[in-house]
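The values are calculated or read from the model by the stated rules, or taken from the named source; none is laboratory data. As the structure is a prediction and not an experimental result, all values here were calculated from the model. When we count neighbours, we look across all protein chains shown, and the Cβ atoms used for this are built from the backbone with ideal geometry, even at glycine. We work out accessible area using only protein heavy atoms, side chains counted, and drop any ligands, DNA or RNA first. Shrake-Rupley method; radii C 1.70, N 1.55, O 1.52, S 1.80 Å.
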Amino acid sequence: MKTQMNYAKEGIFTKQMQIVAQKEQVSEDFLLENLACGKIIIPANINHKSLDPNGIGFGLRTKVNVNLGVSNDCIDYTEEMEKVDLAHKFNIEAIMDLSNYGKTSHFRDKLISVSKAMIGTVPVYDAVGFLEKDLKQISAKDFLDVVYHHAKSGVDFMTIHAGINSRAAHIFKQSKRITNIVSRGGSVLYAWMMMKEAENPFFEYYDDLLDICLKYDVTLSLGDALRPGSTHDASDVAQISELIELSLLTQRAWDVGVQVMIEGPGHMTINEIEANMQIEKRLCKGAPFYVLGPLVTDIGAGYDHISGAIGGAVAAASGADILCYVTSAEHLRLPNLQDVRDGIVATKIAAHAGDIAKLPKERAVDDAMSKARQDIDWEKMFKLAIDGEKAKKMFNERRPDDLNSCSMCGKMCAMNTMNQILKGDDVSLT
């Protein structure tokens with residue numbers, strides 16, 4: 001089976017590519033060139049029939065991913081589907097099902113059948129429930145069987161922590177981290193490796209993994225098991241050693257035509273973000289970068305969507321290609337619907353802030369909003385806002401008598417004053 005990358009290498013412009021080119025307003029040649037060399041990906045499993053394709057990577061808008069899924073403490077698939085509806089409402093491009101308890105395939109199958117967003121999973125999360133085995137009893141083949149099941153069901157991209165091999169694990173053990181390994185998938189694999197005294201199965205059988213990806217055109221999201229879980233641990237030898245391993249795995253995937261994106265930090269102080277984006281792009285030869293925030297401080301509990309949005313905006317402006325949303329519930333509990341909504345909006349603001357720094361054409365909507373504000377055109381402002389529903393609600397909660405201003409400035413509205421005086425009218429503030 002050919003992947004979008006293989007088609008691009010052969011100069012074949014697929015239906016998925018046509019949709020992406022139209023959305024992004026880029027040329028056929030531009031898309032083919034960058035898909036062929038791996039700088040752009042279009043995650044599009046051949047079995048995901050409801051997918052509305054999107055591109056991720058160089059010269060394209062920064063995309064947003066929303067995480068959802070159940071745990072053993074919160075098993076409410078109805079609420080998780082309501083989160084899916086929220087993601088669709090805000091035109092989110094990617095949804096990851098991170099369910100880690102019980103038999104998750106029914107929910108995942110339903111998600112794939114209805115979702116226009118690309119769907120991602122972390123197969124390691126599903127291994128214990130899917131196989132009904134304790135971790136120590138799971139074999140390398142068992143892990144690959146779960147990957148195959150996810151691929152066949154229509155998952156577009158999978159987080160695979162193949163970079164935490166024995167070399168990277170050895171370096172990690174010598175590092176002096178505060179938060180050790182904070183990746184769920186990475187910690188599970190590391191524990192498996194230590195208990196079994198074995199190599200990471202996804203590294204050891206990487207060629208078999210690539211065969212599965214080729215069959216269904218699954219994009220590999222090479223996971224950063226050693227991402228920093230605290231600002232103290234950012235940019236340390238463990239993180240960078242794994243990134244080097246991921247760069248080598250990326251080339252192996254490209255050699256057979258499997259699409260790849262690289263996952264990145266994590267927690268990181270704001271002054272380190274730009275350098276990390278450049279290092280990833282350099283080592284991984286321009287492969288799209290998928291960052292998890294990054295959170296710029298460790299003390300924002302209850303407000304981590306703000307910490308993540310600050311880091312995400314800097315990351316996007318510096319070259320990150322897709323942002324994983326962070327909610328206010330991060331580190332505290334499974335997010336509820338309001339947490340998800342707030343996290344989506346904060347991350348979309350961060351993505352757009354990055355885009356207007358690196359893609360001049362994305363500024364057009366901001367200019368339109370500025371014009372609507374100058375014209376005091378409330379309905380147009382609500383339409384252009386990322387969350388126009390909330391903007392309209394807030395305006396109406398203290399709706400002014402005179403719609404030529406809001407209830408904050410009243411008759412002293414600068415926009416209205418200037419509109420009147422520049423037309424030659426007198427200005428009255430009483």
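Here are the numbers for this structure:
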quantity	calculated
Estimated Rh, the stretch 274-430: Kirkwood, alpha-carbon pairs, angstrom	18.1 Å
Ordering of 355-362, 380-387 by burial proxy (mean other Cβ atoms within 10 Å per residue, highest first)	380-387, 355-362
Principal-axis tilt of helix 304-317 within the chain, Cα atoms, nearest 10 degrees	90 degrees
Cα-Cα over 32 Å, subset of Lys141/Lys348; Lys15/Lys133; Lys110/Lys285; Lys215/Lys383; Lys49/Lys348; Lys116/Lys285	Lys141/Lys348; Lys15/Lys133; Lys110/Lys285; Lys215/Lys383
Whole-number accessible area per residue in Å² for the chain, which is evaluated in the context of all protein chains at 1.4 Å	44 Å²
Mean separation of Cα contacts under 8 Å, 6 or more apart, over the residue count of the stretch 322-386: relative contact order %	25 percent
Dipole of the stretch 1-54, positive direction: furthest Cα of Met1, Gln22, Gly11, with charges on the beta-carbon	Met1
For the chain: relative contact order, % (alpha-carbon pairs under 8 angstrom, 6 or more apart)	14 percent
Value of relative contact order over the stretch 156-206, rounded to a whole percent, pairs C-alpha under 8 Å and six or more apart	55 percent
Whether the stretch 70-144 is rounded, prolate or oblate, judged on the alpha carbon gyration tensor where a/c under 1.5 counts as rounded	prolate
Karplus (6.51, -1.76, 1.60) ³J(HN,Hα), θ = phi - 60°, over the stretch 57-69, in Hz, Gly and Pro reported as x	x, 3, x, 10, 4, 5, 9, 10, 10, 10, 8, 8, x
Angle in degrees between helix 184-196 and the longest Cα principal axis of the chain, rounded to the nearest 10	10 degrees
Residue order for Val128, Val188 - accessible surface, 1.4 angstrom probe, largest first	Val128, Val188
Point-charge dipole on Cβ atoms (K/R +1, D/E -1) for the stretch 36-158, about Cα centre, debye to 20	500 debye
Exposure ranking of Thr430, Thr179, Thr219 by accessible area [1.4 Å probe, largest first]	Thr430, Thr179, Thr219
Of Ser405, Ala313, Ala287, farthest towards positive along the dipole that unit charges on Lys, Arg, Asp, Glu beta carbons give the stretch 286-414	Ser405
Evaluated at q = 0.14 Å⁻¹: base-10 log I(q)/I(0), Debye formula over Cα of the chain	-1.29
Most to least packed among 137-150, 395-408 [average Cβ atoms within 10 Å]	137-150, 395-408
Estimated dipole of the stretch 269-315 in Debye, rounded to 20 [Cβ of Lys and Arg +1, of Asp and Glu -1, Cα centre]	280 debye
Over the stretch 1-105: Rg over Rh, Cα atoms, Kirkwood Rh	1.06
Ranked by how many other beta carbons lie within 10 Å on average, peptides 2-13, 301-312 from highest	301-312, 2-13
Computed over the stretch 343-430, the ratio Rg/Rh where both radii use C-alpha atoms and Rh is Kirkwood	1.05
Total charge dipole magnitude, the chain, about the Cα centre, Cβ charges on Lys, Arg, Asp, Glu only, Debye to nearest 20	320 debye
Mean ellipticity per residue at 222 nm, deg cm²/dmol - from DSSP H runs of n ≥ 4 across the chain, formula -39500 (n - 2.57)	-15000 deg cm²/dmol
Those Cys residues of the chain for which no other cysteine Cβ falls under 4.7 Å	Cys37, Cys74, Cys213, Cys284, Cys324, Cys406
Percent antiparallel among DSSP beta bridges (both partners in the chain, rounded to 5)	5 percent
Residue (of His352, Ala391, His331) at the positive-pole extreme of the stretch 292-418, dipole from beta-carbon charges	Ala391
Probe 1.4 Å - accessible area at Arg363, Å² to nearest ten	120 Å²
